[in-house]
1. Going by average Cβ density within 10 Å per residue, which order do the peptides 371-381, 21-31 take, highest to lowest?
2. Counting DSSP beta bridges in region 245-332, what percent are antiparallel, to the nearest 5?
3. When only DSSP loop residues count, what GluC sites (Glu not before Pro) in region 121-211 have their Cβ near at most 11 other Cβ atoms within 10 Å?
4. Tally the DSSP beta bridges in the chain and give the antiparallel ones as a percent, rounded to 5.
5. Enumerate the residues in region 74-92 having an amide nitrogen under 13 Å from the point lying 7 Å beyond the Cα of E57 toward its Cβ.
6. With labels modelled as points extended 7 Å from the Cα through the Cβ direction, what inter-label distance (nm, one decimal) is found for K186 paired with E278?
7. Contact order normalised by length for region 306-381, with contacts defined as Cα pairs under 8 Å and 6 or more residues apart; what percent is it?
8. Could you tell me how many degrees, from 0 to 90 and to the nearest 10, lie between the Cα long axis of helix 290-302 and the main elongation axis, the longest principal axis, of the Cα atoms of the chain?
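Each value in this text was obtained by applying a stated rule to the coordinates, not by laboratory testing. All values derive from a computational prediction rather than experimental measurement. Positions of Cβ are backbone-derived with ideal geometry, glycine not excepted, and every protein chain shown enters the neighbour counts.
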Amino acid sequence: MAAAAGARSRVAFVLVDGIGDVTIPSLGGRTPLEAAAAPRLDAVAAAGVVGLMDPVEPGLACGSDTAHLSLLGYDPRVYYRGRGAFESMGAGLAMAPGDIAFKSNFATLDESTGVIVSRRADRHFEEEGPILCAALDGMKLPSFPEYEVRVRYATEHRCGVVVKGPRLSGNISGTDPLKDNRLHLKAEPLDDSEEAKNTAALVNELSKEITRILVSQPINAKRAVEGKNIANVVLLRGCGIRIEVPPFETKHGLTPCMVAPTKIIAGLGLSLGIDILEAPGATGDYRTLLTSKAKAIAKALSAPLDTPPRVFVPGEDEYKAGREDGYDFGFLHIKAIDDAGHDKAVKLKVRGLEAVDRAIGQLARLLWEAEKSGQYQYFLCVTGDHSTPVEYGDHSFEPVPFAICRLRDFVGAIGEDNVMNTPLDDFPLPSVKSGEDLTDDSEPAEHKPEERKAFSGDKVCEYTEIAAARGCLGRFPGSEMMGIIKKFMKAKND
């Protein structure tokens, strides 16, 4: 099926946080991607072009924020100003020039020793977190009465903290020791400016006042009785200011939107002028509804509609109507796979990737129904922002697979009946507790790439780290990704 003359090209960009991995003995020497039954991911590879991508540069184990900046075309060496502003803006706190912000954790402090017993008081903090944030929001600092402190709950154990006032600097260290059972740190100025010295002193008083308020909260008394970690400190890290950059639309000529319940990614998107879509039930953790994300992106890429997609307004805690004529670049962020890597949950990562595969099938069905109207030509792109191997439990420097194809070639590779018969019902990700793997004893399904043949593009017909190394795109830095996407779209339209 050829695209109709005048059809508008639009991109569905799926980023699976922490997708990459290393070979694992318990999986027979395969990676989770190789072990997962993921026919739609394989079809994306078979239908288009494939390569291996270093999100920032080879050998760098990057954070999600620096990786996303790089992938979206903004050199983090030039533009990065700390992740605190991203987390806080994504949580709904408006930031003005001169404000500073922190990416923050509710944590457990042994007050007698000053040791951080647990950097994450509890990953499942959805009920207590907003209450504790409300107790901290608007707090006053005795030695710094002219400063305003805003605190807002983000996700899991995280919150955003913004400080407003004169003579602030983002050039200070944080209070987070980054590992459990280490001393709670004091903020230090990282240069000799009076602003940095003033800010460090302010942050150290802020940290003490936060603990003073938290230890008196009834929630913590209840948690102590129940034998749970109390949240008696907020670790402040990634001090940053709001970045000033050319908007994504100006830089790339594509109107962008994003589904990103993970607050740091939403805040980064807002910093780049990207509209953040409403997706009910999308949580940014294991409880997320991937179907809701797929439907939100498909709707935004299929407008104009009678009811435009709804987008988040930072600082107002509400959503407004988005672009009536829709968007050209729809960014769908999936966080749970990264969480599985951090929790060292092998089977969960495999099952999670299979759930991602199912969601890609739902997205493809919705977009194919829209493309058959003749108004649009869609492109489907899948990659990650870094590897989070379950063997390590943290980000690593291994490159990630990248694939892009035309949607109609994807449909040709996997079959239109297969696409149109994809159920659109909601489905949950596997449910686990932090640090636990799946409770069932079943082995991950065998990955059978031999059943698929290359349909278009290069000869790669499976979406894995090893197969991607054979793709025609070779190995490239993330800074080239947007250029590759735009060139691929142009080539298929000429």
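1. 371-381, 21-31
2. Bridges in region 245-332 that DSSP calls antiparallel: roughly 45 percent.
3. Filter output for region 121-211: E127, E146.
4. Here the antiparallel bridges make up roughly 65 percent for the chain.
5. Counting backbone N atoms under 13 Å from the label point, the list is 75-78.
6. So the two model labels end up 4.8 nm from each other.
7. 15
8. The helix 290-302 is inclined about 70 degrees to the chain.
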